[in-house]
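The values are calculated or read from the model by the stated rules, or taken from the named source; none is laboratory data. Quantities reported herein were computed from a predicted structural model and do not represent experimental measurements. Cβ placement follows ideal geometry from the backbone for every residue including glycine, while neighbour counts extend to all protein chains displayed.
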Amino acid sequence: MASHSAILGVGGGIAAYKAAELARELMERGFEINVVMTAAAQEFVRPLTFAALTGRKVVTEMFGAGSAEDVLASSVEHIRVAQQNRVLVVAPATADLLARFAHGLANDFLTTLYLAFEGPVVLAPAMNTAMWRHPATQENVKTLAGRGHFIIPPDEGPLACGTSGPGRLPEPARIAAYLERLVTRRHDLDGETILVTAGPTREPLDPVRFITNRSSGKMGYAMAEAAAQRGAKVVLVSGPVQIAAPEGVEVVPVQTAAEMRAAVLQHLPECGMVIKTAAVADYHLAQIPKQKVKKTAMRLSLELDPTPDILAEVGREIERLNSGQLLIGFAAETENVVAEAKRKLQAKKCDMVVANNVAGDATGFEVDENEVTLVTRAKETIELGRATKRVLADKILDEALKLRLALHKDR
Ligand code: PMT
């Protein structure tokens with residue numbers, strides 16, 4: 001088996017033509033590509049395109065024609081292909097393919113191969129926005145993510161059907177880079193347990209209203225994914241978010257700051273590193289009315305109490321026990337970014353604070369990129385600059401490991 005041999009499954013969507021570019025991108029990165037096309041995919045692109053690009057036979061059907069021996073050989077072909085490849089990537093993964101994978105239907109070569117394949121599976125869905133948002137598709141995506149598959153969510157933008165929204169196949173270069181990272185991943189966190197918090201918390205005002213903070217969970221989920229891909233066991237304490245959990249991560253869902261505190265303290269003893277990316281609401285209503293508060297024309301005042309500062313409490317606990325756990329906080333700031341991060345580093349007894357500038361629209365909350373400076377207990381200020389949250393997550397982990405060595409905080 002070539003070390004980077006991949007099966008490229010092509011589904012029947014308008015984005016099928018982009019799979020040819022993906023094949024080329026992957027080959028440039030040293031992958032050996034074996035293409036499997038569904039019958040629908042062949043309506044959009046001819047197998048010859050992929051055969052010419054890859055220089056290899058393209059699998060287009062379950063049972064080949066010819067002699068009885070040929071038919072018999074082709075009937076076990078899916079097992080052979082499954083065993084001889086390192087990774088399965090499906091792009092575009094249509095709504096129909098996602099449904100058949102999710103439910104274990106094996107009625108053509110690609111779906112049969114999927115069941116026989118034991119390696120990592122990467123799915124890049126692409127379809128019309130309404131089809132992507134349909135609860136049936138979302139349920140199937142959730143099932144597949146829960147099974148440990150890597151889902152590369154579709155991009156937003158104009159679609160072939162004339163509408164605009166999420167549904168576009170991400171750029172082939174991005175999918176190829178994702179696969180490259182997956183197969184060349186490091187194992188420097190093997191045997192570690194890492195606690196990550198992510199997303200916002202919701203503090204109820206009555207049974208129908210709440211206050212919250214801005215956070216999509218993307219930064220925290222990127223941290224969790226990076227740590228898991230480098231071999232760590234990850235406990236992801238997450239406020240309510242709309243994104244799928246990374247592969248192999250234990251998600252502990254919470255709503256309020258109090259619930260997040262309880263979950264963090266419960267899992268703290270087993271973790272060597274704690275990364276607090278969550279945007280925890282700073283205030284809550286101590287006495288929550290049991291019934292919906294009626295709207296009147298009168299002004300309404302709320303008396304709010306501070307929520308528990310979980311990071312500060314964990315900092316004190318680590319210091320009290322001298323447990324050697326590495327504590328990383330985040331700070332979202334709109335001004336005096338580094339000065340504020342340094343203040344939080346001291347006040348909350350952290351080893352590192354990741355300061356992100358959230359003054360602009362292109363970085364920080366909800367978007368895919370962040371702009372980050374690290375301040376550390378070793379009195380370093382490290383500019384990581386602007387990059388995708390996933391790329392920054394690896395760089396933050398790199399620096400965290402260096403810092404742990406410098407501080408002799410190995411447990
Ligand atoms: O989720 P995304 O859309 O990707 O956005 C990511 C992010 C911008 C939310 C994230 O990168 C980030 O910066 N998170 C920290 C948000 C913040 O402003 O935190 P803070 O300054 O309020 O708190 C500082 C630190 O204390 C944080 O690590 C926070 O988790 C922690 N904290 C805060 C309050 C509290 N009651 N308990 C805490 O533990």
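For segment 293-337, name all the residues that are modelled with pLDDT of 95 or more, in contact with a Ser or Thr (Cβ under 9 Å, 6 or more places away or on another chain) and more than 10 Å from the ligand (Cβ to nearest atom).
Residue satisfying the conditions is 317 alone.
Can you name every residue in segment 368-405 that is outside any helix (DSSP H, G or I), touching a residue at least 40 places away in the same chain (Cβ under 8 Å) and near the ligand (Cβ under 10 Å from one of its atoms)?
368, 370
Select from segment 170-186 the residues that are modelled with pLDDT of 85 or more and not aliphatic (A, V, I, L, M) and write down the one among them that is surrounded by the fewest Cβ atoms within 10 Å (Cβ to Cβ).
This residue is 171.
Which of the residues belonging to segment 42-66 are modelled with pLDDT of 95 or more, farther than 18 Å from residue 6 by Cα and of a type outside the set (D, E, K, R)?
42, 44, 45, 48
Exactly one condition in (1) farther than 20 Å from residue 278 by Cβ; (2) surrounded by 17 or more Cβ atoms within 10 Å (Cβ to Cβ) is not met by residue 364; state its number.
Evaluating residue 364 over (1) farther than 20 Å from residue 278 by Cβ; (2) surrounded by 17 or more Cβ atoms within 10 Å (Cβ to Cβ) leaves (1) as the failure.
Please count how many residues of segment 247-283 are in a strand (DSSP E or B), among the charged types (D, E, K, R) and surrounded by fewer than 22 Cβ atoms within 10 Å (Cβ to Cβ).
Number of matching residues: 1.
Could you tell me which residue of segment 346-364 is nearest to the chain's Cα centre (by Cα), considering only residues that are modelled with pLDDT of 95 or more, within 19 Å of residue 220 (Cβ to Cβ) and within 10 Å of the ligand (Cβ to nearest atom)?
Looking at the filtered set, the residue picked out is 354.
Which residues, counting only those in segment 197-228, are within 16 Å of the ligand (Cβ to nearest atom) and either charged (D, E, K, R) or not assigned by TED's automatic domain parsing to the domain that holds residue 333 (or both)?
The answer is 202, 203, 214, 218, 225.
Out of 310, 288, I need the residue that is in contact with an Asp or Glu (Cβ under 8 Å, 6 or more places away or on another chain) and in contact (Cβ under 8 Å) with a residue 40 or more places away in the chain. Which one?
288
I'd like the full set of residues that are touching a helix residue (DSSP H, G or I) at 6+ places or on another chain (Cβ under 6 Å) and more than 17 Å from residue 120 (Cβ to Cβ), limited to segment 217-232.
The answer is 218, 219, 222, 223.
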